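What follows is a set of notes on a single structure, which appears directly below.
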Amino acid sequence: MYDVLIIGCGITGAATAFELSKYRLKVGVLERENDVALGSTKANSAILHAGYDPEPGTLMAKLNVRGVELARELCGRLDVPYRPCGSLVLAFSPEERPALEELYRRGVENGVPGLELLDGDQTRLLEPNLSGAVAAALYAPSAAICSPWEYCLALAETAVRNGAELHLSTAVTGMERTGDGWNVHTNRGDLQARFVINAAGVDAAAVHDLAAPHAFDINPARGQYYLLDKGEGDRVGRVIFQCPSAVGKGVLVAPTVHGNLIVGPNSEPVEGNDTSTTGGGLRFVRETAQRSVPSINFRESIRNFAGVRASTGRGDFILERAAPHFIDLAGICSPGLSAAPAVGEYAARLLARDGLALEKKDEFICERRRTRFKELTPEARAALVEREPAFGRVVCRCETVTEGEILEAVHSPIPPVSVDGVKRRVNAGMGRCQGGFCGPRVVDLLARELGVSPREITQDQAGSWLLDRQTKGGQD
């Protein structure tokens, strides 16, 4: 029997598993997909928000600022790409300045450090490519950017290294209360746990309803993005917002930790986890972003994508006991990535309040390193290749990713089973050609190392086959 079973391994589930793995507990994580971070965590703005936007007194406000503080340390210790770049919220007229002043007031009350209100000229001194129409801005130096999927993976890997058990491709189908906990039904059999944590993202309401009377609805909201080539990566050096509206923080323009430029999102209601992109949605993103930065060259776009946010309409996270020994971590929309490690801490406190004894381990592993060949000095590269010849074979030319790096990922605590799983771990396929050159080689390496046919390798989720699975003799 598990002490705690966590349903869902996006950033919230991973951060909670990381936090609980510090204690003498048997922790399990159930993820219905074939990898971690396959929901909202892999398709978002990658922003660690400063914390001026949430209404003071809300869980969002309290956990955003704490989460960003924790992220700075965790990204360093777990080798997650991270850049403390700061952010600007733009006003385009004197009429919008009160909105900036309100954000400033909230930020001060929430404990956000270093906030400044700037006029238009001061703002353009920081960011020369901004529109001449910018009249004022709120500057938040504590905002940062990171690699969200690698942040999630690093937290989940660290939890596994500390004893947590991850069950991928394991969907929850039902549960019932037992004398001392829960019996959780999955597509791979039943699991027993004393406590259950619901971190199921867009499906959190459905999971909640398996354990308790209906209490909230998830209203999925889709946001569409442009990812631009590295030639546009220096167009701005900070995260550029416009004044927020009722539907969110609006269309932003921001650098990425990989050197690209990201633009988006819009916000539109959808059914379920619909991550398709549309001409109308992308046109809105493009036209709105050019109001902030008119010179963006959208001909340099290398990929469009969309993510779905798990909104509830409550205006706050839902972090609460829903039934005996059952905790909801739901409605984790923005600033969910920013708040994640603080949400994990909060979840541990909720469990303790519900009767779970938390005893710290004597030893807790909180270090992680991975090889990034292109960042090594020439001398270090030569020494590595001499020691491990696989690092001398470049697989992804755009990002200079070697076979050795892919092999390290395949033999890591949470190995990838798809081409995009490799991409998220080592950046192979992240460049201008988006895997056009390296994709077939990645398929071959995965098949060889996993001991399966290349026909069994998917692009990403289960069923996203790349190769015809029929042979002359029938099913392969």
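The values are calculated or read from the model by the stated rules, or taken from the named source; none is laboratory data. Everything numeric here is computed off the predicted structure, so don't read it as measured data. We place every Cβ from the backbone using ideal geometry, glycine too, and count neighbours over all the protein chains shown. The protein model used for the area step is the full one, side chains on, heavy atoms only, and it has no ligands, DNA or RNA in it. Shrake-Rupley method; radii C 1.70, N 1.55, O 1.52, S 1.80 Å.
Below is a table of values for the structure above.
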{"item": "Dipole in debye (nearest 20) - the chain, about Cα centre, beta carbon charges: Lys, Arg +1; Asp, Glu -1", "result": "700"}
{"item": "MRE, 222 nm, helices only [DSSP H, n ≥ 4, -39500 (n - 2.57), over the chain, to nearest 500]", "result": "-9000 deg cm²/dmol"}
{"item": "Net charge of Cβ neighbours under 14 Å - reference residue 229; Lys, Arg +1; Asp, Glu -1", "result": "+1"}
{"item": "Cα gyration tensor, the chain - rounded (a/c under 1.5), prolate or oblate", "result": "oblate"}
{"item": "Protein-only accessible surface order, largest first, of 362, 209, 420, 121 at 1.4 Å", "result": "362, 121, 209, 420"}
{"item": "Cα-based shape type of region 336-439, given that a ≥ b ≥ c are square roots of the gyration tensor eigenvalues and the cut on a/c is 1.5", "result": "prolate"}
{"item": "Cα→Cβ-extended label distance, 7 Å offset, between residue 412 and residue 380, nm", "result": "1.7"}
{"item": "Residue 131 accessible area, 1.4 Å probe, all protein chains in place, Å² to nearest 10", "result": "20"}
{"item": "Per principal axis, descending, Cα span of region 394-476 in whole Å", "result": "39, 29, 20"}
{"item": "Where no second cysteine Cβ lies under 4.7 Å, the cysteines concerned in the chain", "result": "9, 75, 85, 146, 152, 243, 333, 366, 398, 433"}
{"item": "The chain, accessible surface, carbon-and-sulfur percent (1.4 angstrom probe)", "result": "49"}
{"item": "In Hz, Karplus ³J(HN,Hα) per residue of region 143-149 (6.51, -1.76, 1.60; θ = phi - 60°; x = Gly, Pro)", "result": "5, 8, 10, 8, 9, x, 5"}
{"item": "Sequence of 465, 182, 149 when ordered by accessible area, the most exposed leading, probe 1.4 angstrom", "result": "465, 149, 182"}
{"item": "Accessible area in square angstrom per residue, region 163-241, 1.4 angstrom probe", "result": "38"}
{"item": "Accessible surface ranking that places the most exposed of 271, 101 first, with a 1.4 angstrom probe", "result": "271, 101"}
{"item": "Residue 449-residue 121 FRET efficiency (beta carbon distance; Förster radius 60 Å; 0.05 resolution)", "result": "0.60"}
{"item": "Proximal lysine pairs, the chain, alpha carbons under 22 Å, eight or more residues apart or interchain", "result": "11"}
{"item": "Accessible area (Å², per residue) of region 403-457, counting only protein heavy atoms and a probe of 1.4 Å", "result": "36"}
{"item": "Rough spin-label spacing in nm, given labels placed 7 Å along Cα→Cβ, for residue 393 and residue 101", "result": "6.5"}
{"item": "With DNA, RNA and ligands ignored, accessible area of residue 22 (1.4 Å probe; Å², nearest 10)", "result": "50"}
{"item": "Region 229-375 shape via C-alpha gyration tensor axes, a/c threshold 1.5", "result": "oblate"}
{"item": "Cα-projected label distance for residue 354 with residue 468, points at 7 Å along beta-carbon direction, nm", "result": "5.2"}
{"item": "Residue 393 accessible area, assembled protein chains, probe 1.4 Å, Å²", "result": "110"}
